[in-house]
Amino acid sequence: MNIVNDQKVILIVTDGMDPAAIKQVPKAQEFMKNCAYALDAKTVMPAITMPCHVSLFKSVDPEIHECFDNYDPGYYNKVKSMVDIFHRRDRRSAMFYSWGELRDLAKPGTMAYDCFISGYYNSIEKATKELTDNAIEYLNKNFTSFTFFHHDLIDSHGHYYGWMTDEYIDACKFVWDEIYRLVEGVADENTTVIIVSDHSGHDRDHGTEEDTTIPIMIRGKNFIPGTLLENASIKDVAPTILKILDLTPDEAWEGKALY
Ligand SMILES: [Zn+2]
C-alpha cells in the first residue's frame, strides 16, 4: 500500500561549484533569495565526485558505504540509497547526467527514467542543453517524485582552467542559465528544488579537506526564504528529501532532515 503523496523533489548537483562563486553569478544570487540555504555546508572525505554522491544518496560516510573513488560505487554495500527506498515504495525517480559513471548510483531497474547524454562524445555544453530539453519534456508528461540532475561543466572547467578562474565562473553562469530553464520549465507549487555541490576545489583539483565546504540551497513550501541552514551536511539531503516525500529513512543513515 502506498501513501498518496503529491510532492516532487528536484535535486540538482552543481559538481565542483565552490560557494565562493555564487557572488559572481547573478542568477545564483537571485535564486538563493528564495531559498533556505547554507554556504558553509560540509561534504565528506575524500572530496571526490562518486564517494560524495554515494554519501548524498545514502546519507552515510564513505567508511560505511565503502565507495572511496570514482570507479567502485560500493554496489553491494547493504546501506539503502534513497532511490532504493523510492523504488520499494513505487515512487518514480528520474535522472539526467552527462558523466556516465553516475549510472552506478542507482541499481538497475530502480529508476523510472534514466537519461544519459555523453559529455565526452559531445561537448558538455551540448549534452547539458539536450539534457535540460529532455528533462523539461519528460517531467511535464510524467509525474516524478524524485529527479536528479547532474551538472558536470563547472568541475570540468575547474580541472581544465583552475577553480575560480574566469572560465570557471563562465561555466557557473552557463549552468545556472540551464538550472533556470529547467526549474521554470517544470516546477509547480508542489515542487521542492534542492541545489547542492558534491565538493568544491582548488588550483586544478579537489579531494582534500579544503574542498569540503559546499553550498546547499532549498526552495520549496517547507523552507522559509533567507533561513540559514546550520551545521548542514551533504548527508542531510537524502533525509530531507524523504521527509518531503513522507518516507522513512534507512536505519543506518547518519544525516538529519533540514526542516
Ligand atoms: Zn572533479
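The values are calculated or read from the model by the stated rules, or taken from the named source; none is laboratory data. These numbers were taken from a predicted model, which means no experiment stands behind them. Reconstructed Cβ throughout: ideal geometry from the backbone, glycine too, with neighbour counts over all protein chains shown. We work out accessible area using only protein heavy atoms, side chains counted, and drop any ligands, DNA or RNA first. Shrake-Rupley method; radii C 1.70, N 1.55, O 1.52, S 1.80 Å.
When the criteria are applied in full, Tyr113 fails the requirement of being farther than 25 Å from Asn5 by Cβ and either touching a helix residue (DSSP H, G or I) at 6+ places or on another chain (Cβ under 9 Å) or at pLDDT below 95 (or both).
Scanning region 204-226 for residues that are farther than 23 Å from Phe148 by Cβ and either within 13 Å of the ligand (Cβ to nearest atom) or aromatic (Phe, Trp, Tyr) (or both) returns Arg204, Asp205, Thr208.
Of all residues in region 194-213, those satisfying the criterion of being in contact (Cβ under 8 Å) with a residue 60 or more places away in the chain and either open to solvent by 20 Å² or more (accessible area, probe 1.4 Å) or in contact with a Leu (Cβ under 9 Å, 6 or more places away or on another chain) (or both) are Ile194, Ile195, Val196, Asp198, His206, Thr208, Glu209, Thr213.
Scanning region 129-158 for residues being within 16 Å of the ligand (Cβ to nearest atom) and among the β-branched types (Val, Ile, Thr) gives a total of 1. The combined condition, being more than 16 Å from the ligand (Cβ to nearest atom) and in contact (Cβ under 8 Å) with a residue 40 or more places away in the chain, is not fulfilled by Asp15.
Selection within region 159-203: residues that are assigned to a loop (DSSP other than H, G, I, E, B) and hydrophobic (A, V, I, L, M, F, W, C). The member of this set that is farthest from the ligand (Cβ to nearest atom) is Ala187.
Whether any residue in region 32-41 is open to solvent by less than 50 Å² (accessible area, probe 1.4 Å) and among the polar types (S, T, N, Q) is what I want to check. For region 32-41, residues open to solvent by less than 50 Å² (accessible area, probe 1.4 Å) and among the polar types (S, T, N, Q): absent. Quick check: anything in region 116-126 free of Cβ contacts under 8 Å to residues at least 40 places away in the same chain, away from the ligand (no atom under 16 Å from the Cβ) and of a type in the set (Val, Ile, Thr)? Scanning region 116-126, I find at least one residue that is free of Cβ contacts under 8 Å to residues at least 40 places away in the same chain, away from the ligand (no atom under 16 Å from the Cβ) and of a type in the set (Val, Ile, Thr), so the answer is yes. Have a look at Val79, Val83, Val54 and point out the one that is on the phi < 0 side of the Ramachandran plot and within 16 Å of the ligand (Cβ to nearest atom). Checking each option against the conditions leaves just Val54. Residues that are in a loop (DSSP other than H, G, I, E, B), under 20 Å from the mean Cα position of the chain (by Cα) and closer than 14 Å to Ser93 by Cβ within region 108-126 comprise Pro108, Thr110, Met111, Ala112, listed in sequence order.
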